[in-house]
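Where a number appears in this text, it was derived from the coordinates with a stated rule and is not lab data. Computed from a predicted structure; not experimentally measured. Cβ: placed from backbone, ideal geometry, glycine included. Neighbour counts: every protein chain shown.
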Amino acid sequence: MLLLKITHDEWLHYLRGLFCLVLLAVLPPVAAEQVVRFGTGGNDGSYFPVGSIIAKEINIHSAQCCAEDPLVVLPQRSNGSVSNIKDLSENLLEVGLAQADVVSLAYQGLGLFDGDDLKNTLRTIGTLLQESVHLVVSTDSGIESVADLNGKRVSVDELGSGTQFDADLILKASDMPLESVKLVYLKPTDSIERLRRGQLDAFFGVSAYPVAGVQQLVDDGVGRVVSLGDDLVDRLAREHLYFSAQSIPPNIYSNNEAVNTVSVSAQMIVRSDVSDDAVYEITSMLWSDATLDALAEGHPRGGDILAERALQGVVVPVHPGALRYYEERGYDVSGLPQ
């Protein structure tokens with residue numbers, strides 16, 4: 001007979017392993033959670049609060065209806081559109097929010113995404129709401145139009161952001177050389193604070209109105225929201241399909257008249273390799289009455305998120321799981337990107 005000499009530590013290790021096998025045999029199976037990382041935005045925009053409401057409602061509904069295999073959606077703060085798409089492409093997120101114009105560039109591998117190949121990765125779940133371009137200026141700056149930005153200190157959000165991309169388009173459409181503006185690359189919170197301190201003349205922001213930090217600047221008498229001008233708005237909407245002419249209504253920012261600007265849709269995007277069933281579930285819960293009610297109650301623009309607008313302005317293919325949801329409910333999917 002061959003005798004093996006087993007140490008005390010080896011014997012304990014063997015007993016622990018045997019104990020775990022016994023537990024696995026006698027305990028009921030534990031629900032396997034499907035974790036979905038959801039890229040939203042920063043504190044001062046609409047992405048993080050809207051995304052957090054959506055995530056909370058999906059988690060509540062999934063726990064109730066899908067106890068054996070629930071979805072757990074984790075909303076994560078981010079730098080917004082560009083950051084979310086980059087993280088999606090690197091498999092650091094499953095789902096994210098992004099501006100339609102930035103999504104279009106990413107899918108085509110243009111601009112900030114030059115050289116990237118995302119056509120097999122990037123898919124859409126649906127369109128949520130319209131985000132307005134805000135041109136916020138210091139009350140002491142004397143700026144009344146985009147043309148007055150010449151020689152001024154202007155923040156366009158962080159380098160590579162969706163806001164920077166839109167601001168560049170606006171400045172170019174106004175026939176103003178970019179080098180004639182003193183461009184600064186700051187997060188929205190930093191832009192607001194620098195303008196308050198007199199260290200900045202203006203900044204661009206892209207968000208659903210009202211923006212709390214901008215409201216506070218206006219209420220404190222240190223900032224104003226300026227119109228882009230009818231001609232410039234018309235040109236932008238005509239030359240770029242993802243821009244739409246929009247007016248910020250009177251009294252949103254203590255303005256007596258509507259502020260003419262452009263808007264771009266915010267979309268919910270997803271990796272193509274997320275399972276069809278998971279995306280179908282996310283889409284179903286996104287457009288449920290409970291989620292839409294929570295959005296309407298929980299965010300000033302939440303009531304603008306409507307199921308009937310889910311496929312408006314979609315610029316990349318819809319994920320098969322989401323497409324199944326829309327087809328079952330009779331949406332017209334004939335003109336969607338393939």
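Listing for the model above:
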{"item": "5 angstrom amide H check on residue 37, placed H, neighbours 5+ away", "result": "74, 94, 95"}
{"item": "Phi-based couplings in Hz for the stretch 142-154 (Karplus 6.51, -1.76, 1.60; Gly and Pro marked x)", "result": "x, 7, 10, 7, 4, 4, 6, 6, 4, x, 9, 8, 10"}
{"item": "Chain lengthening between residue 329 and residue 216 when straightened (0.36 nm per residue, less Cα-Cα)", "result": "36.4 nm"}
{"item": "Rel. contact order, % - alpha carbon contacts under 8 angstrom, at least six apart, the stretch 103-252", "result": "30"}
{"item": "Integer Hz, Karplus 6.51/-1.76/1.60 couplings in order for the stretch 215-229, x for Gly and Pro", "result": "4, 5, 4, 5, 4, 7, x, 10, x, 9, 9, 10, 5, 7, x"}
{"item": "Residue 258 paired with residue 293, simple spin-label distance in nm, labels 7 Å along Cα-to-beta-carbon", "result": "3.2"}
{"item": "Identified option (computed log10 I(q)/I(0) by the Debye sum over Cα atoms at q = 0.07, 0.11 Å⁻¹; candidates (1) -0.30, -0.74; (2) -0.35, -0.73; (3) -0.40, -0.82)", "result": "(2)"}
{"item": "Long-range HN-HN contacts of residue 155 with modeled amide H, under 5 Å", "result": "184, 202, 203, 204"}
{"item": "Lys pairs under 17 Å by Cα in the chain, provided they are eight or more residues apart or on distinct chains", "result": "4"}
{"item": "Simple label model, 7 Å out from Cα along Cβ direction - residue 110 to residue 275, nm", "result": "3.7"}
{"item": "Separation in nanometres of the label points that stand 7 Å from Cα toward Cβ, at residue 139 and residue 117", "result": "5.6"}
